[in-house]
Structures are given as structure tokens and as C-alpha cells.
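Visitor: Got a structure for you, written out below as C-alpha cells; questions coming shortly.
The values are calculated or read from the model by the stated rules, or taken from the named source; none is laboratory data. Note that the coordinates shown come from a computational prediction; the quantities given were computed from them, not determined experimentally. Neighbour counts run over all protein chains shown; Cβ positions are idealised from the backbone, glycine included. Heavy atoms of the whole protein, side chains included, go into the accessibility calculation; ligands, DNA and RNA do not. Shrake-Rupley method; radii C 1.70, N 1.55, O 1.52, S 1.80 Å.
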Amino acid sequence: MELIDIFDVNGNPTGAVRDRNALLSAEEYRLAVGIWVTDGKGNLFVTRRAREKPYAPGKWENTGGHVRAGEDPEDAVLRELFEETGIAVRREDVRLLGKAEPHWPYIGLNYGVQARFDAKDVRLQPGETDGAKWIALDELWKMRDAGAFAPSVFAHMNGYLEAFLDWMKASMES
């Protein structure tokens, strides 16, 4: 059983803790993190959702997951990236890009990190991911338009698109 903290629609902790799979009331939200990885050359690392996942099976996405009870969101970024891909990054390299508009039962915080690695060295987490690759930024939009991404990826991005693009540009300049 994985426990999560419960938040209100404004992202304030309520003090309640539930099993991650528990049904929440209309006033209760779980906190999730989305992680964008760039290589600093204009490419993004994306993973494909395992085909047995109930939501958007076989669709591409940025890495992400739930924040556990008592866990800091930045620690969740480090943990989720490592669990789903085997890629370890430093906490000081994690940058908050923005918050997605709450969409019951989720509040999403979205982060960026720069890392360089070969996609063939990625260790995929069974039941979570079954593919991974680097794509150019323009490929991101083409894949979106073709319906290759989980719908939530771009629905969440509405809240932080400008910060995402600024981060990508800055990462290529450093």
C-alpha cells in the first residue's frame, strides 16, 4: 500500500492521508509531479506508458507520478525518475516549471531537469513504462498533433507552457 497526503483544490494539505488508490471526495486531491528531461541540445526524453495501464495505455508522456505521504515534491521527482527509468539526477538540477490547473482528483507540479544519457541505457519499470526515446522539440508537437501522447500531458501544460519553452531555450544556452 502506498500512502499519499490529501490536499484541497488550492494545494493546501488537509492533514488526511489515504491509500494512493482510495476514492477521494470532490474536495480532496492528490499531488502528482511531471518531469521533463532535456539533454540541453533541444531534445526531450519521453517514455511510453505500459500497455496494461488503465489510463492512456501505449501513449507517450513525460515521466511522472504521485507524491507519497510526507514526501517533498522534489524528492518525488528524483524517486519517480529513478523508479521508471533508472536515471538518477541531482536535486539541485531540478527546476519547477509550473503548476497545472487542478483537475480532480489531481494537482500537478511540473519540473524540468537537464541530463545526458543514452536511451538504450534506460531501465524501464515493468507495469509503468515499456518504451523510451529522445525526441526533438518540434517532434513533441508533431506527436501531440498525431495523438501519440497521453491527453493529460498537454492539458497540464496549459498552466506552464511559457515557462517550459523558456526553460528549454535556457537549457540550450547553458
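Visitor: If you go through segment 105-124, how many residues are in contact with a Ser or Thr (Cβ under 7 Å, 6 or more places away or on another chain), open to solvent by less than 50 Å² (accessible area, probe 1.4 Å) and assigned to a strand (DSSP E or B)?
Guide: 1
Visitor: Which pairs turn up if I take residues in segment 22-50 that are in contact (Cβ under 8 Å) with a residue 60 or more places away in the chain and over 22 Å from Gln114 (Cα atoms) and look for partners that are open to solvent by 20 Å² or more (accessible area, probe 1.4 Å) and of a type in the set (Phe, Trp, Tyr) with beta carbon separation below 7 Å, at least 6 apart in sequence or on another chain?
Guide: That search, which allows pairs on different chains as well, returns Ala26/Trp104; Tyr29/Phe7; Tyr29/Trp104; Tyr29/Tyr106; Arg30/Tyr106; Leu31/Phe7.
Visitor: Give the residue that is modelled with the lowest pLDDT, with candidates limited to residues of segment 87-104 that are part of a loop (DSSP other than H, G, I, E, B) and of a type in the set (D, E, K, R).
Guide: Here the residue is Glu101.
Visitor: Does Gly70 count as part of a strand (DSSP E or B) and either open to solvent by 30 Å² or more (accessible area, probe 1.4 Å) or at positive phi (or both)?
Guide: Numbers: part of a strand (DSSP E or B): no; either open to solvent by 30 Å² or more (accessible area, probe 1.4 Å) or at positive phi (or both): yes.
Taking the combined requirement at face value, the residue does not satisfy it.
Visitor: Continuing with this model, one more query. When you scan segment 17-40, do you find a residue that is outside any strand (DSSP E or B), open to solvent by less than 30 Å² (accessible area, probe 1.4 Å) and in contact with a helix residue (DSSP H, G or I) (Cβ under 9 Å, 6 or more places away or on another chain), even just one?
Guide: yes
Visitor: Would you be able to say whether some residue in segment 79-86 is at negative phi, part of a loop (DSSP other than H, G, I, E, B) and surrounded by fewer than 21 Cβ atoms within 10 Å (Cβ to Cβ)? Spell out the reasoning first.
Guide: In the first step, residues of segment 79-86 are kept if they are at negative phi; the result is 79-85.
From what's left, part of a loop (DSSP other than H, G, I, E, B): none.
No, that holds for no residue.
Visitor: Right, something else. Kindly indicate which of Val77, Val46, Val89, Val113 is under 29 Å from Thr14 (Cα atoms), among the β-branched types (Val, Ile, Thr) and under 15 Å from the mean Cα position of the chain (by Cα).
Guide: None of the other options fit; the residue is Val77.
Visitor: Take the residues in segment 125-138 that are touching a residue at least 12 places away in the same chain (Cβ under 8 Å) and within 15 Å of Met168 (Cβ to Cβ), then tell me which one is surrounded by the fewest Cβ atoms within 10 Å (Cβ to Cβ).
Guide: Ala136
Visitor: Tell me, yes or no, whether segment 163-172 has at least one residue that is in contact with a strand residue (DSSP E or B) (Cβ under 8 Å, 6 or more places away or on another chain), modelled with pLDDT of 95 or more and either open to solvent by 20 Å² or more (accessible area, probe 1.4 Å) or at positive phi (or both).
Guide: Yes: one or more hits.
Visitor: If I ask for residues that are part of a loop (DSSP other than H, G, I, E, B), more than 24 Å from Tyr106 (Cα to Cα) and under 15 Å from the mean Cα position of the chain (by Cα), which ones from segment 125-174 would you list? Before you say what the answer is, go through the steps one by one.
Guide: Taking segment 125-174 as the starting set, the residues that turn out to be part of a loop (DSSP other than H, G, I, E, B) are 125-128, 146-148, 150, 158-160, 174.
Retained after the next criterion (residues that are more than 24 Å from Tyr106 (Cα to Cα)): 146, 174.
The answer is none; no residue qualifies.
Visitor: Sticking with this one: Looking at (1) more than 14 Å from Leu3 (Cα to Cα); (2) small (Gly, Ala, Ser); (3) open to solvent by less than 20 Å² (accessible area, probe 1.4 Å), which is the one condition that is false for Ala76?
Guide: Result: Ala76 passes all but (1).
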